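The values are calculated or read from the model by the stated rules, or taken from the named source; none is laboratory data. Quick caveat, the model's predicted, so the values are computed rather than measured. Note that each Cβ is placed from the backbone with ideal geometry, even for glycine, and that neighbours are counted across all protein chains shown.
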Amino acid sequence: MELRANIPSGPLEKKWERHRFEMKLVNPANKRKYTVIVVGSGLAGGGGAASMAELGYKVKCFCYQDSPRRPHSIAAQGGINAAKNYHNDGDSVFRLFYDTVKGGDFRSREANVYRLAEVSGNIIDQCVAQGVPFAREYGGMLDNRSFGGAQVSRTFYARGQTGQQLLLGAYQALERQIGLGSVEMFSRHEMQELIVVDGRARGIVVRDMVTGEVETHLADAVCLATGGYGNVFYLATYAKGCNGTAIWRAYKKGAAFANPCFTQIHPTCIPVTGEYQSKLTLMSESLRNDGRIWVPKAKGDKRAPGEIPEAERDYYLERMYPSFGNLAPRDISSRAAKRVCDEGRGVGPTGLGVYLDFEDAIKRLGRDKIEEKYGNLFEMYERITDENPYRVPMRIYPATHYTMGGLWVDYDLMSTIPGLFVLGEANFSDHGANRLGASALMQGLADGYFIIPYTIGNYLAREKFQPVPGDHPQVRAAEKALTERTKRLLSIQGKRTPTSFHRELGKIMWEHCGMARDRKGLEQGLAMIPKLREEFWKNLRVPGSGEELNQSLEHAGRVADFLELGELMCLDALERDESCGSHFRTEHQTSEGEAERNDKDFCHVAAWEFQGDGKKPLRNVEPLVYENVELAVRSYK
Ligand SMILES: Cc1cc2nc3c(=O)[nH]c(=O)nc-3n(C[C@H](O)[C@H](O)[C@H](O)COP(=O)(O)OP(=O)(O)OC[C@H]3O[C@@H](n4cnc5c(N)ncnc54)[C@H](O)[C@@H]3O)c2cc1C
């Protein structure tokens, strides 16, 4: 497989402008002759579908929720980055670019990241024009706060519900186009197969989740904006429905899967409390603007936090990373939390927790100010834990939160299957081996509002499209694959629920491919997952039928894919024999316990190519070339 990133030539800051000029255009009158399928109505998909419809393309948009108003994007709390430099604190497009490349531990593509930083300001303008109610300062200017891995304040926010407000903007733009008839919306439809004809993506096969009917939709291009696959860990901060099915099925049709092992573990989540817990809850990184993280200095100190005097507390992030303190990036903060807990200094009933304490901030700013900034997050914490964070420190612990890996895309966001574009968290994106906070919303909206509307035209204008007949062998084969899979899942009639398999897989992933990884553990994981998968196909029980709303059936299909994807993640983690960002191989660490990269052998994207069921996938490599930043040792000290 040839991985052609198609990065435009010329100086970094001119690449996107030049590329846009060199692109082929579709005549406005011809745009309505093209149909584009967009799977996903989150910030990436909803924004992309609305923008392409606005341009004149015929768009069909799909989501599995009951409304495009409910994708996981709505859960995003803390904010969205943009290099506006409103605070005049030294920000610039180049600084946002640099911070993002460094934050990703030099495992992302320079040109893509620069473009992301470049369009970040447009995103804010677009959202403000849509009426997104970003927080404002007293004088009426948009306010900013700081997020991890940056020493400037560039994060725009709407209290602790930035994702919801941004999504309302995208959703309204989408609804407008639905009202105008330019977007046909299919809620509660799950894409299960990609149709590839003559090597190009030409449609999808979906299951109507209410009636069970199988439908085929054909188009000239397909965009997947289906979000991240972090629920492979079972316990995660994702919405329960998030899954990897769409990208996994595309992978099996020839789309390369890049860096599957790059998973973000977020340092500030409410700790696990019991065996039967079904998900985890994020406490936004924005809280680290004012909250201070600490554990007792002594091992096994079981005193209540208020009884532990200042001198006996270890504000370990401030101690270890004085320049960034509590705003050290996520991978680094997560590992530091794990380390102090492994030393026996963790807090709470399980010992797997650290304090996030607002006592100082409340003293300094007053309770009202803290409530104004983070009130809904404090309320959420109290509802879940029954502890009042205005009085006692929050208890937090790292949890799975985001996937930097995803389908490989070129500069135009096109996968290795021509005509298949991938946007938002579903692509391997711009975040390298670790994503900085507030940059997922930025990337999703950049892809949807500002990149795909251009690059889709460049593809459509260059190709000739013959209509695909509904009975084309590839269409029939995709429909058959969906129907047979459903039948197979329903026919096993074993004893275990999809959830029980999912939970077991999650434990394997967390233990063997989680915050710290090593060869032995990964090899064990690689031996355990196929066994679990074998049992799944022998002992799964899915009640009900395929001709009705059947959530157990939906879950079973997603778990079946996770059972394959989890294995690829372990394989990728095993073969990337270095530490970088979130991928921490314990064999490769500095004397201070920091990730030790191996640029000589691993300064590349690993893009896996499906070779057939039961066969080892092929590891292809896209070398990463840094012409504008120096490959430095990442330090936040
Ligand atoms: C709790 C939480 C807080 C966060 N806070 C922030 C933050 O403050 N700032 C930040 O930058 N990032 C944040 N993130 C990350 C960010 O929210 C996500 O990365 C981003 O919203 C993903 O957007 P997306 O459009 O790519 O996917 P999603 O919003 O996940 O949308 C996926 C869409 O695809 C559809 N879909 C998926 N599979 C199928 C299928 N097979 N068939 C049909 N439809 C399908 C879904 O229905 C949905 O419409 C947060 C994440 C979490 C979990």
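The residues of the range 252-281 that are more than 13 Å from the ligand (Cβ to nearest atom) and either among the hydroxyl-bearing types (Ser, Thr, Tyr) or more than 19 Å from the chain's Cα centre (by Cα) (or both), listed by number, are 252, 253, 254, 271, 272, 273, 274, 275, 276, 277, 278.
For the range 1-114, list the helices (runs of 4 or more DSSP H) that sit wholly inside it and hold at least 3 residues that are farther than 30 Å from residue 147 by Cα; which are they? Show your work before the answer.
Working: elements: 15-22, 28-31, 43-55, 93-103.
Helices (runs of 4 or more DSSP H) meeting the threshold: 15-22, 28-31, 43-55.
Under the condition of being within 19 Å of residue 329 (Cα to Cα), of a type in the set (D, E, K, R) and either part of a loop (DSSP other than H, G, I, E, B) or in contact with a helix residue (DSSP H, G or I) (Cβ under 6 Å, 6 or more places away or on another chain) (or both), the residues counted in the range 585-635 number 5.
Output the number of residues of the range 364-396 satisfying the condition of being closer than 17 Å to residue 347 by Cβ, charged (D, E, K, R) and touching a Leu at 6+ places or on another chain (Cβ under 9 Å). So the answer is 1.
To keep it simple, each residue is scored yes or no on (1) charged (D, E, K, R); (2) closer than 30 Å to residue 208 by Cβ.
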residue: 5; (1), (2): no, no
residue: 9; (1), (2): no, no
residue: 13; (1), (2): yes, no
residue: 19; (1), (2): no, no
residue: 33; (1), (2): yes, yes
residue: 42; (1), (2): no, yes
residue: 51; (1), (2): no, yes
residue: 59; (1), (2): no, yes
residue: 63; (1), (2): no, yes
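Scanning the range 209-225 for residues that are within 26 Å of the chain's Cα centre (by Cα), in a loop (DSSP other than H, G, I, E, B) and more than 21 Å from residue 484 (Cβ to Cβ) turns up just one, 225. Kindly establish whether residue 501 is buried (at least 22 other Cβ atoms within 10 Å of the Cβ) and more than 20 Å from residue 258 (Cβ to Cβ). Here the answer is yes, as residue 501 does meet what is asked.
Can you say whether residue 14 is under 30 Å from residue 626 (Cα atoms), surrounded by fewer than 17 Cβ atoms within 10 Å (Cβ to Cβ) and either within 16 Å of the ligand (Cβ to nearest atom) or more than 18 Å from the chain's Cα centre (by Cα) (or both), as far as the supplied structure shows? If you could, list the steps in order and put the result at the bottom.
Values: under 30 Å from residue 626 (Cα atoms): yes; surrounded by fewer than 17 Cβ atoms within 10 Å (Cβ to Cβ): yes; either within 16 Å of the ligand (Cβ to nearest atom) or more than 18 Å from the chain's Cα centre (by Cα) (or both): yes.
Answer is yes for this residue.
With respect to residue 449, determine if the residue is in contact (Cβ under 8 Å) with a residue 12 or more places away in the chain, part of a helix (DSSP H, G or I) and among the hydroxyl-bearing types (Ser, Thr, Tyr). Yes: the conditions hold for residue 449. Of all residues in the range 318-375, those that are in a helix (DSSP H, G or I) and β-branched (Val, Ile, Thr) total 4.
For the range 489-538, a residue qualifies if it is assigned to a helix (DSSP H, G or I), basic (Lys, Arg) and in contact (Cβ under 8 Å) with a residue 24 or more places away in the chain, and the qualifying residues are 503, 507, 519, 533, 538. Being buried (at least 18 other Cβ atoms within 10 Å of the Cβ), of a type in the set (A, V, I, L, M) and assigned to a helix (DSSP H, G or I) is a property that does not hold for residue 438. Scanning the range 158-208 for residues that are in a helix (DSSP H, G or I), surrounded by fewer than 20 Cβ atoms within 10 Å (Cβ to Cβ) and over 25 Å from the mean Cα position of the chain (by Cα) gives 176, 178, 179, 180.
This table checks each residue for (1) under 26 Å from residue 191 (Cβ atoms); (2) touching a Gly at 6+ places or on another chain (Cβ under 7 Å).
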{"position": "437", "(1), (2)": "no, yes"}
{"position": "467", "(1), (2)": "yes, no"}
{"position": "504", "(1), (2)": "no, no"}
{"position": "512", "(1), (2)": "no, yes"}
{"position": "520", "(1), (2)": "no, no"}
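Tallying residues that are of a type in the set (S, T, N, Q) and away from the ligand (no atom under 11 Å from the Cβ) within the range 216-251 yields 1.
In this structure, does residue 445 turn out to be touching a strand residue (DSSP E or B) at 6+ places or on another chain (Cβ under 9 Å), over 26 Å from residue 97 (Cβ atoms) and buried (at least 19 other Cβ atoms within 10 Å of the Cβ)? For residue 445, the condition - touching a strand residue (DSSP E or B) at 6+ places or on another chain (Cβ under 9 Å), over 26 Å from residue 97 (Cβ atoms) and buried (at least 19 other Cβ atoms within 10 Å of the Cβ) - is not met. Selection of first residues in the range 323-336 that are under 22 Å from residue 358 (Cβ atoms) and of second residues that are polar (S, T, N, Q), restricted to Cβ pairs under 7 Å at least 6 apart or on distinct chains, gives the following pairs, ordered by first then second residue: 327/146; 329/434; 330/264; 330/434.
Let's see how each residue does on (1) touching a residue at least 60 places away in the same chain (Cβ under 8 Å); (2) among the charged types (D, E, K, R):
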{"residue": "68", "(1), (2)": "yes, no"}
{"residue": "71", "(1), (2)": "yes, no"}
{"residue": "82", "(1), (2)": "yes, no"}
{"residue": "95", "(1), (2)": "no, yes"}
{"residue": "114", "(1), (2)": "yes, no"}
{"residue": "124", "(1), (2)": "no, no"}
{"residue": "129", "(1), (2)": "no, no"}
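Based on this model, can you work out whether residue 486 counts as without any contact (Cβ under 8 Å) to a residue 60 or more places away in the chain, in contact with a helix residue (DSSP H, G or I) (Cβ under 9 Å, 6 or more places away or on another chain) and not acidic (Asp, Glu)? Here the answer is no, as residue 486 does not meet what is asked. Can you find, within the range 403-412, the residue that is nearest to the ligand (Cβ to nearest atom) among those that are buried (at least 24 other Cβ atoms within 10 Å of the Cβ) and in a loop (DSSP other than H, G, I, E, B)? Filtering the range 403-412 for residues that are buried (at least 24 other Cβ atoms within 10 Å of the Cβ) and in a loop (DSSP other than H, G, I, E, B), the one nearest to the ligand (Cβ to nearest atom) comes out as 404.
Applying the criterion of being buried (at least 23 other Cβ atoms within 10 Å of the Cβ) and more than 6 Å from the ligand (Cβ to nearest atom) to the residues of the range 68-82, the residue that is farthest from residue 242 (Cα to Cα) is 82.
Residue 429 passes all but one of (1) within 13 Å of the ligand (Cβ to nearest atom); (2) assigned to a loop (DSSP other than H, G, I, E, B); (3) more than 22 Å from residue 37 (Cβ to Cβ); which number fails? Of the numbered conditions (1) within 13 Å of the ligand (Cβ to nearest atom); (2) assigned to a loop (DSSP other than H, G, I, E, B); (3) more than 22 Å from residue 37 (Cβ to Cβ), the odd one out for residue 429 is (3). Candidates 375, 353, 344: the one that is under 28 Å from the mean Cα position of the chain (by Cα) and within 27 Å of residue 580 (Cα to Cα) is 353.
Going through the range 84-93 one residue at a time, which ones are surrounded by fewer than 22 Cβ atoms within 10 Å (Cβ to Cβ) and in contact (Cβ under 8 Å) with a residue 12 or more places away in the chain?
Correct list: 84, 85, 86, 87, 89, 90, 93.
Selection within the range 373-402: residues that are without any contact (Cβ under 8 Å) to a residue 12 or more places away in the chain and at negative phi. The member of this set that is surrounded by the fewest Cβ atoms within 10 Å (Cβ to Cβ) is 383.
When 53, 44, 117 are checked against the criterion of being surrounded by 24 or more Cβ atoms within 10 Å (Cβ to Cβ), modelled with pLDDT of 95 or more and within 13 Å of the ligand (Cβ to nearest atom), 44 stands alone in meeting it.
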